[in-house]
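Here the structure is laid out as structure tokens; the discussion comes afterwards.
All of the numbers you see were taken from the coordinates with simple rules; none came from a lab. Here the structure is a predicted model, which is why all the values come from computation and not from measurement. Note that each Cβ is placed from the backbone with ideal geometry, even for glycine, and that neighbours are counted across all protein chains shown.
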Amino acid sequence: MPESAHTTDLPKANGLEGVVAAQTELSHVFGEEGKLVYRGYDIHKLAGKASFEEVAHLLWIGRLPNQRELDDFNQKLGKNRTLPAGVIDALRPLPSDALPLDALRTGVSMLGALEPDRFTFEPDLDQAISVAARFPAILAAFSRLREGKEPVQGRAELNTAQNYLYQMHGEAPEEKHWKPLESYLILLADHGLNASTFTARVIASTTSDLVSAITGAIGALKGPLHGGAPALVLDMLTEIGSADNVEPWITNALDSGERLMGFGHRVYKAEDPRAEILRGMAETASTPEFFALSQKTEDFALAELARRKPDNKLYTNVEFYSAAVLSAVGLPGDMFTPTFAVSRSVGWSAHVLEQASNNRLIRPASEFVGATDRKFAPIEER
């Protein structure tokens, strides 16, 4: 159909809901069942059982690695954890109150500018590894710089979760901290054709470079409707304060028309399976007091939402217990969404590689609702 043709007869979908815009083998959300699958594996079979690096191998290459393959893969990741000096120099002048996600976007963009011969217009696995391996380093470097400390380079023998905490705090993390973080990274690595992933695929479809596609995805993730809820959940729980204050606080919030953070999802019409897994992790990682506050908030909020909005099918989503887990492993609230990006960098780059392997420019139609017959008048007559 020519672009000049009218589009009034084409099917319309506000927000592209229900529109199939790509084919993928990477992941799928079964919303009615509350199920998430990565390349054929239910997320319950991976979280807490496989390493984040094994899941990255699965998404990028298509299968879980054997031990030799994993050792080689970890070696490649380790070699790419060091930040170019130019990236650190670009982070230094950022104000201490800059958003960490803005710092990440700046740092990732600098990778492409500093190494144009590496990040060509033909994305490949080596590029994906190089970018994703440096996400934790960029965020940790910014975190330390805003505290007046010098960045710490990564250690090749540490895995992604360990390196993230090591580079942020300057000391090797305990297993009780890096293990829950690793499970979180696995749970958030990919999630179908969400807003940021779609952004990455649209950019990749123009045959732009991988860094540009990932930088665009970060911009989409910055929007609070997509990636901003975990820190808001922590703010909500902090404001509630204690388990004794849950019922009056939630009742007042709902009576005032306020939105409860961490409940409801655009796709899931059952409990988010990631929330189920994170709940168990939060019980182990959090203090008993904080977990009791979280659990009572969840229970009462779900009961009230079901009573007040029985047709909406609102369940706990991944952000609710993400707050408890990420706080317990030692991350400040403004690092929650950027940590989401550390995980999703694998999924984004996997989608870029998949798009490039069988590319067609993504160019949806739009319905024109503007005027077509306005009369022009010279400026002296207006």
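Which of the trypsin sites (Lys or Arg not before Pro) across the stretch 18-125 are loop residues per DSSP, with 15 or fewer other Cβ within 10 Å?
In loop regions of the stretch 18-125 (DSSP not H, G, I, E or B), the sparsely surrounded trypsin sites (Lys or Arg not before Pro) are K49, R63, R118.
Comparing F368, F119, F52, which has the greatest mean-square fluctuation in the GNM of the chain with Cα pairs linked when under 10 Å apart?
Comparing F368, F119, F52 in a Gaussian network model of the chain, the most mobile one is F368.
Grab the alpha carbons of the stretch 229-328, take their convex hull, and tell me the volume per residue in Å³.
Enclosed volume per residue, from the Cα hull, is 85 Å³.
Within the stretch 98-200, list the GluC sites (Glu not before Pro) lying in a DSSP loop whose Cβ has at most 16 other Cβ atoms in a 10 Å radius. Provide the component values of the computation, followed by the final result.
On the way: sites: E147, E157, E171, E174, E175, E182; in loops: E147, E157, E171, E174.
Loop-located and lightly packed - E147, E157, E171, E174.
Using +1 at the C-beta of Lys and Arg and -1 at the C-beta of Asp and Glu, which of P224, P95, A56 has the Cα lying farthest in the positive direction of the dipole of the chain?
A56
Which label marks the calculated value of Cα extents along the principal axes in Å, given the options [x] 57, 49, 34; [y] 65, 53, 44; [z] 69, 57, 49?
[z]
What does the helix-only formula give at 222 nm for the chain: each DSSP H stretch with n ≥ 4 adding -39500 (n - 2.57), the total divided by the residues, and the result rounded to the nearest 500 deg cm²/dmol?
Helices in the chain give a 222 nm mean residue ellipticity of -17000 deg cm²/dmol.
Which of the GluC sites (Glu not before Pro) found in the stretch 284-371 are loop residues per DSSP with 11 or fewer other Cβ atoms within 10 Å of their Cβ?
Working: sites: E289, E298, E304, E319, E354, E367; in loops: E367.
Within the stretch 284-371, the qualifying GluC sites (Glu not before Pro) (loop, at most 11 other Cβ atoms within 10 Å) are E367.
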